[in-house]
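Remarks on the structure that follows.
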Amino acid sequence: MNRHSISLSALIFAFCACVSAQAPEPNGGGVRAGELPKSWRTGGPTCGDAPEWEIHQYNPDLYILRENGCVNYEKPFLYLYFGREKALLIDTGAAGETQVVSAVSGVLDEWAARNHREPPPLIVAHSHSHDDHTAGDAQFRTRANTTLVPLTVEATMKAFDIPKWPAGFGKIDLGGRVIDVFPIPGHDVLSLAYYDRETGILHAGDSLYPGRLYVKDFSAFVVSTARMVEFTEGKVVTHIVGCHIEQSRTPYLDYKVGTKYQPDEHALDMGRGELLELNEALAHMTKPVRVAFRDFTIWPN
């Protein structure tokens with residue numbers, strides 16, 4: 001086979017691989033649409049009138065909550081999904097004098113009133129076990145009609161019916177809304193990815209977002225990133241979202257640790273292209289090194 005034939009074959013293979021992960025027609029991908037905000041309030045320039053939580057309705061059955069930088073500089077995002085029978089909250093926020101249970105309960109009550117029913121049972125789960133995502137857990141332990149998933153591998157496997165850790169794939173049915181859940185350790189031993197079949201959103205926690213991807217277990221992180229690539233092949237991925245924004249809109253430039261006010265921050269979401277870029281970079285690393293890319297930085301601890 002000559003060089004031209006090899007190049008042509010490679011091109012055809014790349015094209016087919018690309019097409020396999022796309023919708024067959026430009027019709028919205030067959031998923032339920034929603035809208036992300038153009039920008040978020042991040043804690044400034046002054047904090048006097050800043051609410052503890054910014055609450056955004058992506059669509060009538062998915063809400064995104066962000067903790068204000070005036071409360072905690074980490075400014076984490078929480079995700080609240082509604083099905084016909086249950087609601088799922090991912091994470092409870094960072095440390096600070098914030099009433100996260102009140103904010104979440106307010107959304108549950110509003111949703112229930114709009115749907116002319118009682119608030120659904122709430123399941124509280126996590127993207128991983130770090131304290132900037134679990135600090136509000138104690139507030140939910142005493143909340144009625146609430147199940148808090150303990151921060152252990154065993155409890156997580158049971159909650160999402162994951163047959164094997166970390167290679168297994170589980171899911172949770174909220175009532176007409178199935179969310180796939182699978183382990184992606186590397187940033188943390190309990191790191192999880194959530195794929196919402198209804199909206200096509202992949203929630204990658206602290207494993208992929210616009211910012212510093214802190215890697216504790218490099219070999220596990222490499223495998224987990226490849227697992228996300230494999231899982232998303234052939235699926236519609238409308239957004240990849242995470243728990244933070246640390247990157248600015250200027251390529252290769254992040255906001256330093258401790259920044260409360262980020263007036264020119266990167267958008268919350270990324271696409272599958274950034275996941276492929278991360279996967280390729282990791283595959284070519286012979287040892288863990290800090291490397292900056294346009295929208296994120298690989299940051300081994």
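For the stretch 237-254, the set of residues classified as in contact (Cβ under 8 Å) with a residue 24 or more places away in the chain and over 16 Å from the mean Cα position of the chain (by Cα) consists of Pro251, Tyr252, Asp254, listed by residue number. Listed by first and then second residue, the pairs with beta-carbon distance under 9 Å, at least 6 apart or on different chains, first residue in the stretch 17-33 and on the phi < 0 side of the Ramachandran plot and of a type in the set (Val, Ile, Thr), second at pLDDT 80 or above and not in a loop (DSSP other than H, G, I, E, B), are Val31/Asp196; Val31/Ile201. Only a single criterion out of (1) of a type in the set (A, V, I, L, M); (2) surrounded by 16 or more Cβ atoms within 10 Å (Cβ to Cβ); (3) part of a loop (DSSP other than H, G, I, E, B) is not satisfied by Ala95, namely (2). Screening the stretch 98-121 for residues that are surrounded by fewer than 18 Cβ atoms within 10 Å (Cβ to Cβ) and of a type in the set (S, T, N, Q) and picking the one that is farthest from Leu174 (Cα to Cα) gives Gln99. Checking Glu154 against (1) among the acidic types (Asp, Glu); (2) out of contact with any strand residue (DSSP E or B) (no Cβ under 6 Å at 6 or more places or on another chain); (3) touching a residue at least 12 places away in the same chain (Cβ under 8 Å), only one condition comes out false. Which one? Every condition holds for Glu154 apart from (3). If only residues of the stretch 263-291 that are within 26 Å of Gly43 (Cα to Cα) and aliphatic (A, V, I, L, M) are counted, the one that is surrounded by the most Cβ atoms within 10 Å (Cβ to Cβ) is Met270. Scanning the stretch 150-171 for residues that are modelled with pLDDT of 95 or more, surrounded by fewer than 18 Cβ atoms within 10 Å (Cβ to Cβ) and polar (S, T, N, Q) turns up at least one hit. Scanning the stretch 58-77 for residues that are of a type in the set (S, T, N, Q) and either buried (at least 21 other Cβ atoms within 10 Å of the Cβ) or in contact with a strand residue (DSSP E or B) (Cβ under 6 Å, 6 or more places away or on another chain) (or both) returns a single hit, Asn68. Restricting the first member to the stretch 79-90 and to residues that are within 16 Å of His126 (Cβ to Cβ) and of a type in the set (Phe, Trp, Tyr), and the second to residues that are at pLDDT 95 or above and not in a strand (DSSP E or B), the beta-carbon pairs closer than 8 Å and six or more apart or on different chains are Tyr79/Asp91; Tyr81/Asp61; Tyr81/Leu174; Tyr81/Arg177.
Selection of the stretch 108-124 for residues being in contact (Cβ under 8 Å) with a residue 40 or more places away in the chain and of a type in the set (A, V, I, L, M) yields only Ile123.
Counting only residues that are under 16 Å from Thr225 (Cβ atoms), of a type in the set (Asp, Glu) and touching a residue at least 12 places away in the same chain (Cβ under 8 Å), how many does the stretch 264-301 have? Counting residues in the stretch 264-301 that are under 16 Å from Thr225 (Cβ atoms), of a type in the set (Asp, Glu) and touching a residue at least 12 places away in the same chain (Cβ under 8 Å) gives 3. Here Thr134 does not qualify as assigned to a loop (DSSP other than H, G, I, E, B), touching a residue at least 60 places away in the same chain (Cβ under 8 Å) and either in contact with a Leu (Cβ under 9 Å, 6 or more places away or on another chain) or surrounded by fewer than 20 Cβ atoms within 10 Å (Cβ to Cβ) (or both).
The values are calculated or read from the model by the stated rules, or taken from the named source; none is laboratory data. Computed from a predicted model, the values in this text were never measured in an experiment. Heads up, the Cβs are rebuilt from the backbone with ideal geometry, glycines too, and the neighbour counts pull from every protein chain shown.
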